[in-house]
Amino acid sequence: MGKETSIANYRFPMNKNSWLRVNKTVSVYTQPSFKKQYQTDEVIQRGQKVNYQAKIKGVDNETFWAELLNGKFLPMYVPRNFRRMVKLPRPGRYEKIGNILDQNSEQPWENIWPYSAKKRAKKVNLEGKKTGMSLSNVTCWERGAKLKMEDLDQPFEPTKEEQQALAKFDKQVRDGMQPKDKLIAYITDTHIDSYQTPASAAVVRSIRLMSYYANHYGVDLVVHGGDLNDGNKPRELSVADVVSGVKAIKESSRPYIILNGNHDDNSGYARDNAGYLLDQLITNQDAWKLRESASLQLHENQNYAVYGTYDLPDSPFKIVILDGFDQPDVILGADKNVYFNSFRHGYTHYSDEQIKWLKDVLENAKDDERLLFINHIALNGIDNWANTFDMAGKRRDQASYMKTLFENNLVTNEAGVRQSRQIFDLISEYQQKTGNVVGYLAGHTHQDNFAYKNGVWFITQTSGVADRGDGAERRRNSQHVSRRLTGIKANAWSVFRLSSNTRAVNQFRFGWQNEAAFVDKWQY
């Protein structure tokens, strides 16, 4: 592991239309410091709104500051105020912290270790009634951990424990394997964010370990299922996270494909932190260039969405990659303004172009081809998921659980749900006609899960990052067994073995798995 690091004093850019309102009179300073030589005669009066262009941590104290449009600074709050944050829902999505009502719904320091450990804010409705607690990404077993990063300039060398575990794992993968079988290494939802939590920095090691296995033991394809990075930082820092993830995957020296997830556009920061600051987005076009997934036969399209096919050499298997977040980088409202649902971060979409492309793929598929679909997100139309725990650890009934899934969001995304159902129907009809669907793999929910519907096995995999999924806390899964930040159980990546002779798929998990919702084998 590399050295410990921090960006606590980083200047976080904001949309200059962003505003805050103070509830008591506050002095303005020429520097983010309470030293008397920096204090000015200017004050912001109680109840006054003021625009700002950036946020920064104090240079000689723990106070957080807003940089005003004139380049001067206004003190906002201290870390302990995170315990007293109040999040107000739409319309507005404001955040109230101590003396400040902030137009934006997230603070940069809510996504920086160790400040993220303090994020236990109240959620209230417009009448001020408490509606629940905001979950922190930090698990109880992370509290005393150090924030360390992988040194990607140094060759990767597994520990003795990791070497022994890989050897044991490979024996499982190869047991009963036939010469024509194919292997796919698969990880998803790594949410790399080098400064958010110890797990979001350490997950790069998990990717490197998977790549080491792919390289030294041999697989036919490496797939990252999307949400490579978390997208909650200024663009230049998130780009650095993407570059780290891609570099770790390329260590496999194998063909690889990185899917498009909803976090990968960095809209978590551009929208929630920075007040709809569009230059903080990572566009689909830029993301494709950063990922360099040259193995995918990408279907060129106006949204630069990531969908296409890959034929596994010397086999009947065709990998069909879908993009469940296929839309322009920003969708303007009818009035040409930007709104919360202008971003792809929280909504599923499939363009007419992608739907037409999929129809062509299915219509032109050969009789002896076997199709494995991989997408970041599952589809509307699945109503029998095995695991109905939500991310708060609450067991729901099927109908209640389904309402939490993006692909079923009829309240604010009716068009996207309709498009998702079209994809589901096309795959279902193809399976009923040919029986050639191997399965459908997805991530997004951070849960091991499965459903068998219309003759198709739908599989989701838990998150690659250890502190954000159904293994993050004991109460979040039925077996009440949590993952760990270090050691083998911090990992959660799989190798899928595809057999054309036996028409079987075996899934082997390296690291943690939800025993109640993990499928180790299915027939297609």
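In this structure, LYS250 and GLN285 have a Cβ-Cβ separation that, at R0 = 25 Å, corresponds to a calculated FRET efficiency of about 0.75. Counting only the Cα atoms, region 12-136 fills a convex hull of 101 Å³ per residue. Note on ALA334 and ALA516: the model spin-label points, each 7 Å out from Cα along the C-beta direction, lie 4.6 nm apart.
In whole angstrom, note down how far apart the Cα centers of region 108-171 and region 31-52 are. When both Cα centres are located, 35 Å separates them. Any idea what the relative contact order of the chain is, in percent, if you count C-alpha pairs under 8 Å spaced at least 6 apart? Normalised by residue count, the contact order of the chain is 12 percent. For the chain, adding -39500 (n - 2.57) for each run of n ≥ 4 DSSP H residues and dividing by the number of residues yields -5500 deg cm²/dmol at 222 nm. To the nearest 0.05, how large is the calculated FRET efficiency for LYS16 and LEU410 if R₀ is 45 Å and r is the Cβ-Cβ distance? The computed FRET efficiency comes out at 0.80. For region 306-450, the number of Lys pairs with C-alpha atoms closer than 30 Å, counting only pairs eight or more positions apart or on separate chains, is 12. For region 148-216, divide the Cα radius of gyration by the Kirkwood radius and give the resulting Rg/Rh value with two decimals. On the Cα set of region 148-216, Rg over Rh gives 1.03.
Projecting label points 7 angstrom from Cα along Cα→Cβ for LYS129 and GLU353 puts them 4.6 nm apart. Taking amide H positions as modeled 1.01 Å from N, with prolines and chain starts lacking one, the residues under 5 Å from GLY439 and 5 or more places away or on another chain are PHE373.
Candidate cross-link partners of LYS521 among the aspartates and glutamates, defined by an alpha-carbon separation under 18 Å and a same-chain spacing of 8 or more, comprise ASP170, ASP175, ASP181, ASP448. For region 12-136, the relative contact order is 20 percent, taking Cα pairs closer than 8 Å that sit 6 or more residues apart in sequence and dividing their mean separation by the residue count.
Once divided by 2.2 N^0.38 Å, the Cα radius of gyration of region 358-420 becomes 1.44. With Cα atoms as the point set, the radius of gyration and Dmax of region 217-341 evaluate to 15.7, 56 Å. So if R0 is 30 Å, what FRET efficiency would THR434 and GLU300 give, r being the distance between their Cβ atoms, rounded to the nearest 0.05? Between THR434 and GLU300 the formula returns 0.65. Distance from the Cα centroid of region 62-102 to that of region 368-433 is 38 Å (rounded to whole angstrom). Taking the average, over residues, of other Cβ atoms within 10 Å as the packing measure, peptides 464-474, 351-361 rank 464-474, 351-361 from highest down. With a simple spin-label model that places each label point 7 Å from the Cα along the Cα-to-Cβ direction, the separation between ILE7 and LYS160 comes to 3.8 nm. Here the Karplus relation 6.51 cos²θ - 1.76 cosθ + 1.60, evaluated at θ = phi - 60°, turns the backbone of region 514-522 into coupling constants of 8, 4, 6, 9, 9, 9, 8, 6, 8 Hz, with x for every Gly and Pro.
What's the long-distance tail for the chain, i.e. % of Cα pairs beyond 29 Å? Roughly 52 percent, rounded to a whole number.
A short reminder: the numbers here are calculations on the coordinates, not readings from a lab. As the structure is a prediction and not an experimental result, all values here were calculated from the model. Neighbour counts run over all protein chains shown; Cβ positions are idealised from the backbone, glycine included.
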